[in-house]
Structures are given as C-alpha cells and as structure tokens.
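**Student:** Starting off with a structure, shown below.
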Amino acid sequence: MTQQSTTAQTPKESSVETSSIEATEDVMAAVKVPLTRVSKAVAKAMTFSATVPQFAVERAIQTQAMFDLRKDLPTTISVGDLINAAIVRALVEHPRLNASWHDDHIIEFGHVNLGVAVAVLDGLVVPAITTAEKLSLTELSNRRRELTTAAQEGKLHPRDLGTATISVSNLGTTGITGILPMVMPPQAAIIGLP
C-alpha cells in the first residue's frame, strides 16, 4: 500500500495552473475572437432567456394540402411563408399565445408582430413583421424576404428589432430534423420548424 502525503501549495506551484492554460491555448492554436455588438446582444438575450421557465410541445402536422396549395402560388411564396401565415391566423384566433406575462397580469397584444429568426455572420437577429395579421400572403412573404435580406446585409432599422410578440425559427431548408428554440422574453412562445 502506498502512502500519499499532501503539502501546502507554494507560490511557484500555483503559477503552474496559469502556465498550463497558456500552454493548452498554445498547443490548440487558440485565438481570442472579440465579440461584435450583435454577438454581445445575442449572448445577453440568450442568457436572460435561460432564466425564464420554459417547456416544449411537439406536434406532427399533415402538410400535403399545404404543398398542393403551394404548387398554385407564385414561386416567391415559400412553404415557410404559408406556415407563417397559418401561425398569424392561429394567434388571431388564440390571443393568449400572442401575449406577455408580467408579475401580476398578462398583456394580450392587439397586433401580431411575427419575429423571424435570421442567422447572420456574427449571431442571430429576430426582426419583426409588424401587424402581420393585416397582411396578405404575398405581403407577408415580401416583408419576410425584405427583413431577411436587410438582416443579412446588416441594414436592419432599429424599429425592425425588439417588437416581436412571438417568433419563428425555421431551419426547414437546412436538413435539421428537430429544434428546441428558446423563448425570448417578454414573448410567451417561439415556434421552431425543423
């Protein structure tokens, strides 16, 4: 049986920990990448989102009728646009989902401001299609494309951000088979489309 002894750490030994981190970074060829304004904002929002109680519900839907309808529409209208339009209609019929919880009350919003998650070089932004319930399918599609392009080109206007009453994260074109997005307070829900 081997006996082990413990001794107090000397100042020289405590510096080994720091040197070991530096050595690991050197071996890994690690580079510190400064955060952009957008990535800092995303990190802050996602960290806050994690403090809010969340749960997920998953449901399979029959989509054949939607794909059949899509064949008769202009090519600029995507399957995602049809889903967005269905979400907007559902929120008008079920306003409790188009809401925000506060300490002692719930606020049901008078308009559906549909946030559309857009991946950008340094993070994720969620511009809002405001008063989406007033738009036709073509207008909804056009506005979604305008906001997506503006986001990807870094040309969003501040009024396009922070006004969503519910958000959609659509990864349908990426081959992802599942998604569990995080609710961004004060919104009550987010819809993830794999």
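The values are calculated or read from the model by the stated rules, or taken from the named source; none is laboratory data. Remember, it's a predicted structure, so these values are computed and weren't measured experimentally. Heads up, the Cβs are rebuilt from the backbone with ideal geometry, glycines too, and the neighbour counts pull from every protein chain shown. In case anyone asks, the SASA skips ligands and DNA or RNA and just uses the protein heavy atoms, side chains included. Shrake-Rupley method; radii C 1.70, N 1.55, O 1.52, S 1.80 Å.
**Student:** What tally of residues in the stretch 64-94 results from selecting those that are within 24 Å of the chain's Cα centre (by Cα) and surrounded by 12 or more Cβ atoms within 10 Å (Cβ to Cβ)?
**Tutor:** Number of matching residues: 16.
**Student:** Then there is this: If you check every pair at least six apart or on different chains, which have Cβ atoms under 7 Å apart with a residue in the stretch 60-76 that is aliphatic (A, V, I, L, M) first and a residue that is at pLDDT 90 or above and open to solvent by 90 Å² or more (accessible area, probe 1.4 Å) second?
**Tutor:** Correct list of pairs: empty, since none qualify.
**Student:** Exactly one condition in (1) at pLDDT below 95; (2) surrounded by fewer than 16 Cβ atoms within 10 Å (Cβ to Cβ); (3) more than 12 Å from the chain's Cα centre (by Cα); (4) not acidic (Asp, Glu) is not met by Ala119; state its number.
**Tutor:** Against the list (1) at pLDDT below 95; (2) surrounded by fewer than 16 Cβ atoms within 10 Å (Cβ to Cβ); (3) more than 12 Å from the chain's Cα centre (by Cα); (4) not acidic (Asp, Glu), Ala119 comes up short only on (3).
**Student:** Need at least 3 residues that are closer than 23 Å to Val52 by Cα per element, so show me which strands (runs of 3 or more DSSP E) inside the stretch 81-194 make the cut, counting only ones lying wholly within it. Steps first, answer last, please.
**Tutor:** Working: elements: 99-102, 105-108, 114-116, 118-120, 123-125, 166-170, 190-193.
Passing ranges, in order: 99-102, 105-108, 114-116, 123-125, 166-170, 190-193.
**Student:** Let me ask another. Taking the stretch 145-158, which residues are open to solvent by 50 Å² or more (accessible area, probe 1.4 Å) and on the phi < 0 side of the Ramachandran plot?
**Tutor:** Residues satisfying the conditions are Arg145, Glu146, Thr149, Gln152, Glu153, Lys155, His157, Pro158.
**Student:** Go through the stretch 59-80 and give me each residue that's more than 23 Å from Val118 (Cα to Cα), among the small types (Gly, Ala, Ser) and part of a helix (DSSP H, G or I).
**Tutor:** Once the filter is applied, which keeps residues that are more than 23 Å from Val118 (Cα to Cα), among the small types (Gly, Ala, Ser) and part of a helix (DSSP H, G or I), the stretch 59-80 yields only Ala65.
**Student:** Would you check if there is a residue in the stretch 90-97 being of a type in the set (Lys, Arg), out of contact with any Phe, Trp or Tyr (no Cβ under 6 Å at 6 or more places or on another chain) and modelled with pLDDT of 95 or more? Quick ask: steps written out before the conclusion?
**Tutor:** From the stretch 90-97, those of a type in the set (Lys, Arg) are 96; that's our starting set.
Subset that is out of contact with any Phe, Trp or Tyr (no Cβ under 6 Å at 6 or more places or on another chain): 96.
Among the residues that remain, those that are also modelled with pLDDT of 95 or more are: none.
For the stretch 90-97, residues of a type in the set (Lys, Arg), out of contact with any Phe, Trp or Tyr (no Cβ under 6 Å at 6 or more places or on another chain) and modelled with pLDDT of 95 or more: absent.
**Student:** Still on this model: Condition first: surrounded by fewer than 17 Cβ atoms within 10 Å (Cβ to Cβ) and closer than 18 Å to Thr130 by Cβ. Now tell me which residues in the stretch 172-188 satisfy that.
**Tutor:** Passing the criteria: only Pro186.
**Student:** Same structure again: Anything in the stretch 27-58 that is within 24 Å of Ile87 (Cα to Cα) and assigned to a helix (DSSP H, G or I)? List them, or say none.
**Tutor:** Ala45, Met46, Ser49
**Student:** While we're here: Out of all the residues in the stretch 163-171, is one or more surrounded by 13 or more Cβ atoms within 10 Å (Cβ to Cβ), without any contact (Cβ under 8 Å) to a residue 40 or more places away in the chain and not hydroxyl-bearing (Ser, Thr, Tyr)?
**Tutor:** Looking only at the stretch 163-171, we keep the residues that are surrounded by 13 or more Cβ atoms within 10 Å (Cβ to Cβ), and these are 163-171.
Adding the requirement that they be without any contact (Cβ under 8 Å) to a residue 40 or more places away in the chain leaves 171.
Next cut, not hydroxyl-bearing (Ser, Thr, Tyr) only: 171.
Yes, that holds for at least one residue.
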